[in-house]
Every structure is written in C-alpha cells, then in structure tokens.
Amino acid sequence: MLLMRKLMMKMSITIDGFVCGPNGENDWIFKSSDESSRAWAVSQSMDAGLIIMGRKSFVSMAPYWPTASGPFAAPMNEIPKGLFTQKGFKGIDPIKTETAEQALAAKSWVEAKIFDGDLAEEIRKLKSEPGKPISALGGAGFMRSLIATGLIDEYHLVTHPVVLGKGLTIFNDVLQPMDLTLVDVKSFPLGIVARTYHS
C-alpha cells in the first residue's frame, strides 16, 4: 500500500469562527500569543517538508521573512515553498537583504515552485511524492479552495480568545457535512486553544 504524504492546514480562528476581519485584519492573532503557544506553533511548522500558500499570501510574506527575526523565521525561510495561483504570477520584486544569511533565507522564496493548474490535481501529485508533510498557510480564499478539494488530512485550528463579530470564514463553501476526528487539544496561558483534527 502506497503511503500518501500528509497535507496539514494551520489556521488561527476567533471564537465566533472568523479567520480575519472583513479587510483581512489579523492583528488579534498576536495579542493572545505567549512563549509556549509560539513554541508549539514553531514545532508544528518544523514538521513540514513543503509550505504551500496562495499568491496573495506569498507576495505579502516573501519580502518580510528573509530579514525577520524570532522563532518563526527559521521554518518560514528554510522550508521549500509552493505558490498556487489561478491568475498567473509575474514573480516578486528582488528581496532586499543585507547579510549572506538573509540572502540564503531569501533563496527558498525566490525559488518557490509555481503551481497554476487544477488545484486538486496538483495537490494529489504533491501528496504522492515522498517527503515530510505539506503545510498549508495563507488567507481565507486559498484555504476555502483547499478545503473544497477534500484532500486535507489534518486540520490545526488555533482558537484565540477574541470575538470579531464580522469577518472572513473558511468553511462557508463546504457543500456537505465534514466529519472530523479530534486527536489533540492544547491550551495555553493567555487563552489560546489549539485543536488538531484528522479528516
């Protein structure tokens, strides 16, 4: 039996089910994080062999991470990237770096693999390849599309102790009920609760 590479989705979510405000606001994510919740998130990130995201997230993240510091910089810069786009991709502006270390960090962004075919087909191909799990990051639109493929194996939903009242969700395009199995729950001092579900 062929073992498929696992696809994991990680998303921060509010108590009322939003992943960001109406205009993409996500500053609330950082207000309730603490050292232990960040350490957990970093350890989850380091398990991945490939990080995939949509075009908008990639374009916004690529200039930032190579010169960033902090615990998330290493996994975000060291792990290879995959960019999914339906509207084409003209590339990114040269990433400004000041040190050899930063230039090396920028390499995984500059050399990201571009996927512009059918999303489900491309994901199936990636899952059939050998390697560590695939980690999906990004905005609500990309996550909704990914959920719709039915190919996510593991959901990491990180609930923050905040209510927005309005915003964007990721499960609103689901056409039929999804039965998930809760396999792990971790709570952190400032109120974050991380739940891991298998599909």
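The values are calculated or read from the model by the stated rules, or taken from the named source; none is laboratory data. Because the structure is predicted, anything quoted here is derived from the model rather than measured. All Cβ positions, glycine included, derive from the backbone under ideal geometry; neighbour counts span all protein chains shown. In case anyone asks, the SASA skips ligands and DNA or RNA and just uses the protein heavy atoms, side chains included. Shrake-Rupley method; radii C 1.70, N 1.55, O 1.52, S 1.80 Å.
Brief remarks on what is shown
- Shown here is the pair-distance distribution of the range 1-44: with all Cα-Cα distances grouped in 10 Å bins from zero up to the longest one, the shares run 20, 41, 25, 11, 3 percent.
- Relative pair counts by distance (%), Cα atoms of the range 34-139, 10 Å bins: 14, 46, 32, 8
- Of all accessible heavy-atom area on the range 1-107, the percent that carbon and sulfur account for (1.4 Å): 57 percent
- Pairwise FRET efficiency - GLN86 versus ASN26, Cβ, R0 = 35 Å, nearest 0.05: 0.95
- Spatially, the range 1-62 and the range 145-199 are offset by 11 Å when compared through their Cα centroids.
- Between LYS113 and VAL42, the FRET efficiency from the beta-carbon distance, with R0 = 30 Å, is close to 0.80.
- The heavy atoms of ASP34 offer some 20 square angstrom of accessible surface to a 1.4 angstrom probe.
- This model, with +1 at the C-beta of Lys and Arg and -1 at the C-beta of Asp and Glu, gives the chain a dipole about its Cα centre of some 240 debye.
- Pairs of Cα atoms nearer than 8 Å and 6+ residues apart set the relative contact order; for the range 82-199 it is 22 percent.
- When you restrict to C-alpha pairs under 8 Å that are six or more residues apart and normalise by the size of the chain, the relative contact order lands at 37 percent.
- Rounded to whole numbers, the Karplus 3J(HN,Hα) couplings from phi for the range 69-84 are 10, x, x, 7, 4, 4, x, 5, 9, 7, 7, x, 10, x, 10, 9 Hz, using 6.51 cos²θ - 1.76 cosθ + 1.60 with θ = phi - 60°, and x at Gly and Pro.
- Rolling a 1.4 Å probe across the protein heavy atoms gives the range 155-199 an accessible surface of 63 Å² per residue.
- ILE52 long-range amide H proximity, modeled H, under 5 Å: GLY82, SER135, ALA136, LEU137
- HN-Hα J in Hz across the range 175-192 - Karplus 6.51, -1.76, 1.60, θ = phi - 60°, x for Gly and Pro: 8, 8, x, 10, 9, 10, 10, 6, 10, 7, 9, 10, 10, 10, x, 8, x, 6
- Residues in the range 1-51 average 53 Å² of solvent-accessible surface per residue, probe 1.4 Å, ligands and nucleic acids excluded.
- FRET efficiency for the ALA68 to ASP16 pair, using the beta carbon distance and R₀ = 25 Å, is estimated at 0.25.
- Beta bridge orientation in the chain: antiparallel %, DSSP, nearest 5: 40 percent
- Entries in LYS81/LYS127; LYS6/LYS31; LYS87/LYS166; LYS56/LYS127; LYS31/LYS81 that, when Cα-Cα distance is taken, lie over 21 Å: LYS6/LYS31; LYS87/LYS166; LYS56/LYS127; LYS31/LYS81
- The 1.4 Å probe gives accessible areas that order TYR197, TYR155, largest first, as TYR197, TYR155.
- Taking each residue as 0.36 nm, the span from GLU35 to ASP184 lengthens on full extension beyond its C-alpha to C-alpha distance by 51.7 nm.
- D_trans [Stokes-Einstein, Kirkwood Rh over alpha-carbon pairs] for the chain, 10 °C, 1.306 mPa s, µm² s⁻¹: 90 µm²/s
- Value of relative contact order over the range 1-88, rounded to a whole percent, pairs C-alpha under 8 Å and six or more apart: 28 percent
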